[in-house]
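The values are calculated or read from the model by the stated rules, or taken from the named source; none is laboratory data. These figures come from a predicted structure and were not determined experimentally. As a convention, Cβ positions derive from the backbone with ideal geometry for all residues, glycine included, and neighbour counts pool all protein chains shown.
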Ligand code: GDP
C-alpha cells in the first residue's frame with residue numbers, strides 16, 4: 001500500500017491520446033521529477049490541467065503532455081494521484097512508463113487502483129464491482145444496470161435491508177428476554193415479512209453477470225429447418241440451407257440483440273439418433289450435444305410435415321432447462337389443420353413457426369427474451385457476480401426460515417437466522433471479508449490501470 005503504482009489506463013494501440021495514472025505517496029514528487037517545470041510545478045495547481053514537456057534525466061524532450069495533480073485524500077484511490085495525458089502511441093506510452101518506473105513507481109497490478117479505493121474506504125465492494133461491470137457493458141441497457149452498482153443504488157438497497165434486519169434482531173432479542181411481551185413477537189414476525197419483500201425485490205432487480213451473453217442453441221433432427229430458423233432469427237444468411245440432410249457439421253453461431261440482451265444463436269448439426277456411420281457424423285453429434293448441454297435456452301426444433309409432435313418432442317436426447325419446443329414449417333399446414341395447431345399452441349407447450357414465411361417468429365423472439373429475463377434477470381438489471389447472486393439467495397432463504405420459525409414461536413432460532421442474513425449481507429458489501437483471496441479473485445477480473 002505504500003508503493004506508488006503506475007499504469008496506462010487507456011487501451012493499447014495507436015490513439016489520439018493515452019492516459020497514464022499514478023497513485024501513492026510519491027506520485028506528485030515522481031511527476032515533478034520527469035517534467036520540465038521551469039514554468040511551474042503542477043503540484044502548485046492541483047486538479048488543473050497543466051501543459052508541460054516530459055523530459056528524461058538529461059532534459060531531452062520526450063513528449064508534450066497534459067498533466068493533472070490530485071492531492072490526497074479526495075481522489076479515486078484516496079491517495080495522492082497523477083494523470084499524464086500523453087500522445088497515444090505504444091512507443092510514447094512505453095517511454096512515459098519507463099520514466100515513472102525509473103523515478104521509483106512500480107507497475108500496478110490488475111484492478112489495483114480500484115482495490116486501493118476500496119481499501120481506503122472510498123467505495124464499498126459492490127460499487128467497486130460496478131466499475132468492472134460498467135467497463136464490460138456492451139449495450140445501453142447493460143450500461144444502465146452497471147450504473148446502478150456504480151452509483152451505489154444496489155449498495156443502498158442492501159444497507160436499508162441490513163438496517164431493518166438489525167432493528168428486527170434487537171426486537172427479537174428483547175422478545176427473548178421478555179417472553180411475555182406478545183406485541184414484540186407479533187411485530188417481529190411482521191418485520192421479517194417486510195424484510196423478505198425487500199430481499200425478493202433485490203433478487204428481482206439483479207442480473208447474473210456471468211450470463212451477459214446467452215447461448216440460444218438450435219437443435220433437432222436433420223432437415224427440420226434449424227439453419228433456416230437461424231438465418232430468419234439473425235435476418236441474414238449465416239448457415240447453409242439445403243434439401244440434403246447433414247449439411248451443418250460444426251456448430252455455427254452469430255450474435256444478435258433482442259430487447260437489449262446479447263444473444264448468441266448457435267446452429268448445431270442435426271441429430272440422427274441412430275448408429276452413425278462416419279467419424280465426421282459422430283464428431284458433429286458430440287459437438288451438438290455439448291452445445292445442447294451448455295445452452296442458456298434450448299430450442300428443440302421439430303418439423304410440421306413429420307406430424308406426431310409428442311413423439312418428435314420426446315426425441316430430445318438430453319433434457320435441459322429451459323427448453324422451448326418449436327414446430328417449424330407451419331406454412332405447410334392445411335386449412336383443416338389450422339385449428340388443431342392453434343389449440344396446441346394455446347396450451348403453451350409448443351410454438352409453431354415458419355422460417356420460410358416468418359410466421360410466429362416475432363412471438364418466438366418475445367418468448368426467448370421473456371424466458372431469458374425470467375431465468376437470468378432483465379437486460380438493465382443490476383449485474384452481479386455469481387458470488388453475490390448466491391449470497392442474495394441465501395439472505396432470502398434465511399429470512400424465509402426466520403419467518404417460519406417466528407410462526408412456530410422459535411424466537412431464538414429466528415434470531416440466529418437473522419444474524420446469518422446480516423453476516424451474508426456484510427459479505428456482499430465486502431465488509432466482513434476475512435479472506436484476502438476473495439478480494440484477489442474479484443480484482444483480478446479488472447484490467448490493468450483501473
Ligand atoms: P436443418 O438441416 O435442420 O438445418 O434444415 P435446413 O434449414 O437446411 O432446411 C431443410 C429443408 O427444409 C430445406 O429444403 C428448407 O428450404 C426447408 N425449410 C426450412 N424451413 C422451412 C419452413 O419454414 N417451411 C418450409 N416449407 N420449408 C422449410
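Structure data summary
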quantity: Condition check for residue 309: crowded, with 21+ Cβ neighbours inside 10 Å and more than 19 Å from residue 238 (Cβ to Cβ); calculated: no
quantity: Subset tally (residues that are out of contact with any strand residue (DSSP E or B) (no Cβ under 8 Å at 6 or more places or on another chain), outside any loop (DSSP other than H, G, I, E, B) and within 16 Å of the ligand (Cβ to nearest atom)) for the stretch 340-396; calculated: 2
quantity: Residue in the stretch 206-217 that is surrounded by 14 or more Cβ atoms within 10 Å (Cβ to Cβ), within 16 Å of the ligand (Cβ to nearest atom) and touching a residue at least 12 places away in the same chain (Cβ under 8 Å) present; calculated: yes
quantity: Members of the stretch 9-27 found to be in a strand (DSSP E or B) and under 20 Å from residue 79 (Cα atoms), listed by number; calculated: 19, 20, 21, 22, 23
quantity: Condition check for residue 238: at pLDDT below 90, assigned to a loop (DSSP other than H, G, I, E, B) and touching a strand residue (DSSP E or B) at 6+ places or on another chain (Cβ under 9 Å); calculated: yes
quantity: Conditions (1) touching a helix residue (DSSP H, G or I) at 6+ places or on another chain (Cβ under 6 Å); (2) within 16 Å of the ligand (Cβ to nearest atom); number of the one not met by residue 331; calculated: (1)
quantity: Single unsatisfied condition, residue 116 versus (1) touching a helix residue (DSSP H, G or I) at 6+ places or on another chain (Cβ under 8 Å); (2) within 29 Å of residue 392 (Cα to Cα); (3) surrounded by 20 or more Cβ atoms within 10 Å (Cβ to Cβ); (4) at pLDDT 90 or above; calculated: (1)
quantity: Hits in the stretch 289-321 - residues which are under 14 Å from residue 216 (Cβ atoms), within 15 Å of the ligand (Cβ to nearest atom) and out of contact with any helix residue (DSSP H, G or I) (no Cβ under 8 Å at 6 or more places or on another chain); calculated: 291, 292
quantity: Filter result (within 30 Å of residue 186 (Cβ to Cβ) and surrounded by fewer than 16 Cβ atoms within 10 Å (Cβ to Cβ)) within the stretch 138-158; calculated: 156
quantity: Elements of type strands (runs of 3 or more DSSP E) in the stretch 28-132, at least 1 residues being closer than 22 Å to residue 446 by Cα and touching a strand residue (DSSP E or B) at 6+ places or on another chain (Cβ under 9 Å); calculated: 81-88
quantity: Residue pairs meeting the criteria (Cβ under 6 Å; at least 6 apart or on separate chains; first free of Cβ contacts under 8 Å to residues at least 12 places away in the same chain, in the stretch 90-116; second surrounded by fewer than 18 Cβ atoms within 10 Å (Cβ to Cβ) and in a helix (DSSP H, G or I)); calculated: none
quantity: Criterion: over 14 Å from residue 19 (Cβ atoms), surrounded by fewer than 19 Cβ atoms within 10 Å (Cβ to Cβ) and under 32 Å from the mean Cα position of the chain (by Cα) - qualifying residue of 109, 48, 61; calculated: 109
